[in-house]
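Please find one structure pasted underneath; my questions will follow.
The values are calculated or read from the model by the stated rules, or taken from the named source; none is laboratory data. Source: prediction; values computed, not measured. Glycine gets a Cβ as well: all are built from the backbone with ideal geometry, and neighbour counts include every protein chain shown. SASA here: full protein model, heavy atoms, side chains in, ligands and nucleic acids out. Shrake-Rupley method; radii C 1.70, N 1.55, O 1.52, S 1.80 Å.
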Amino acid sequence: MGTLEDKIAELNKKYAVALGGRIEELYGYLAAYEKKGSARDLEKFYKSVHAVAGSARTFGLPEVSVKAKDLELSARDGEDIKILYEKLSLLKKCVSS
């Protein structure tokens, strides 16, 4: 059985791997919002980005958290869809690196 630090490191790795799927989920919500213009889809997007912003910091990914928070605030403020896609792309690049 590993130390507490080993267990935390393993959890952090698992979170980072799962984050790729969360990013794809965000693209799905944003595409649905773009297609239908539904406030519900924008809300799903916003809430999911909010969750990523909070959890990324918890799991030792402060840069991901900062990018997600910026995207979250843009979604909350109803910024143009093009800006949301650009910021989501920046978040994805941050996660991929």
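Just to be sure I understand, how many residues within the range 1-60 are within 13 Å of Ala75 (Cα to Cα) and of a type in the set (Lys, Arg)?
3
Within the range 51-77, work out how many residues are farther than 30 Å from Lys7 by Cβ and open to solvent by 50 Å² or more (accessible area, probe 1.4 Å).
Number of matching residues: 4.
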